[in-house]
Each structure stands twice: as structure tokens, then as C-alpha cells.
Amino acid sequence: MTKVAMAIRELHRAENDLAAQLLHAADRHRVDHEICHVGRDLARWSQQHVRELAAAGRDHGLELNPEPADDGMLAGLREKGSELLGRHHTPALLLLRDLREIHRTAAGVSLDWEVLAQTAQALRDRNLLATTQRCHPQTLRQLRWADAQVKANAAQIMVTP
């Protein structure tokens, strides 16, 4: 497997993880309309990125699943874990933790897109470069949203008894 194929495969996995984290936060924090609705919208972007990476991967000898990972069974386990954890932590602390996780994952995904874009330029791979140019700006928006949500919520969460 080439280095480019490994980078595409890793980014495919990371985008699936980001989509799952966004959907998990949206489900867990349904009462917060911003988190719930925007989180679902942002997850759709990562799911589309998974499809685009699967298509790009074919040009590099990869057979990646174009459909976002099915998180059904894991979601049930996480939901039960969330219930148990919620007994010991306030929902606000869980929100802050979820936002931090989304932010960290989105930052990693953004860096992976940057590496792939630079690689596509060096290889003069127009199709791969076009994919990075379509997807990376959306990842940057996901990252900025998570950052803004942390800033908007952190102080109140941390100082409220």
C-alpha cells in the first residue's frame, strides 16, 4: 500500500469518527437545540467526506466503504455508559467533554486534509486535490463551530455549582 493510500484510509477512518462524535453529542444533548441540530448537520458533512474519500481511494488501489460507519450497536453501549456517567457528572460537564472531543478530532482531521492536499499538489493529482478543496473547508467550519461552542459554554459550566 502506498503512503498516499494509507493517508486516505486514515482520513476515511477519522472522518467516520468525527461524524459519530457529532451524532453522539447531538443525541446526548437533545435539549440544546444548537448542539442537536447543528451537530447533525455537521455530521452529514463528515459522512459526505467519507463517500468522497472512498471514491478517491479507488484511484489509489483502495476499496473503502462509501457508506459512513454504522454506529448502531456502539451507540447503544455509549448511551448506557452516558446514563451511568451522568449519575456522577452534570450534563453540562458532559457537554463540555463532548465539545472538547469533537474539537480535538476535528483538528486532527483538518491536519490530515492539509497533508493530503499538499501531497496531491506535489503529485499533481487533480482529482485528489479537488476532493481536498471541497472537503477541508467544511472540516475547518466544524472545528470553528466546536471552538465557538467551547468558548460560549465553558465559563458558565465551570463556575456554576
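Throughout, read-outs are computed from the coordinates displayed, never taken from laboratory work. Just so we're clear, the structure is a prediction, and the values are computed from it rather than from any experiment. Note that each Cβ is placed from the backbone with ideal geometry, even for glycine, and that neighbours are counted across all protein chains shown.
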Checklist entry - Angle, helix 72-86 long axis vs. longest principal axis of the chain, Cα atoms, 0 to 90°, nearest 10? => result 30 degrees
Checklist entry - Rounded to the nearest whole Å³, what is the per residue volume of the convex hull around the Cα atoms of the chain? => result 107 Å³
Item to check | On Cα atoms only, tilt of 91-123 relative to the major axis of the chain in degrees | outcome: 10 degrees
Item to check | Value of [θ]222 nm, deg cm²/dmol, for the chain, DSSP H segments ≥ 4, -39500 (n - 2.57) each, nearest 500 | outcome: -28500 deg cm²/dmol
Next on the checklist: Just to check I understand the Karplus step: with θ = phi - 60° and J = 6.51 cos²θ - 1.76 cosθ + 1.60, what whole-Hz values come out for the range 143-154, glycine and proline as x?
Outcome noted: 5, 5, 4, 4, 4, 5, 5, 4, 4, 6, 10, 4
Next on the checklist: Between 0 and 90 degrees, rounded to the nearest ten: what's the tilt of helix 39-58 against the longest Cα principal axis of the chain?
Outcome noted: 20 degrees
Next on the checklist: Suppose every Lys and Arg Cβ carries +1 and every Asp and Glu Cβ carries -1, with no other charges. What dipole size does the chain come out with about its Cα centre, to the nearest 20 debye?
Outcome noted: 240 debye
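When Lys and Arg each count +1 and Asp and Glu each count -1, what net charge do the other residues less than 13 Å away from residue 113, Cβ to Cβ, add up to?
Numbers: positive: 134, 141; negative: 10, 15, 52, 112, 114.
Around residue 113, the charge tally is -3.
Please tell me the relative contact order of the chain in percent, rounded to the nearest whole number, where contacts are Cα pairs under 8 Å and at least six residues apart.
Values: 157 pairs, mean separation 41.7, N = 161.
After rounding, I find 26 percent.
What does the charge add up to near residue 41, with Lys and Arg as +1, Asp and Glu as -1, over the other residues with Cβ less than 12 Å from its Cβ? Please list the in-between numbers first.
Numbers: positive: 40, 44, 141; negative: 34.
Net charge around residue 41: +2.
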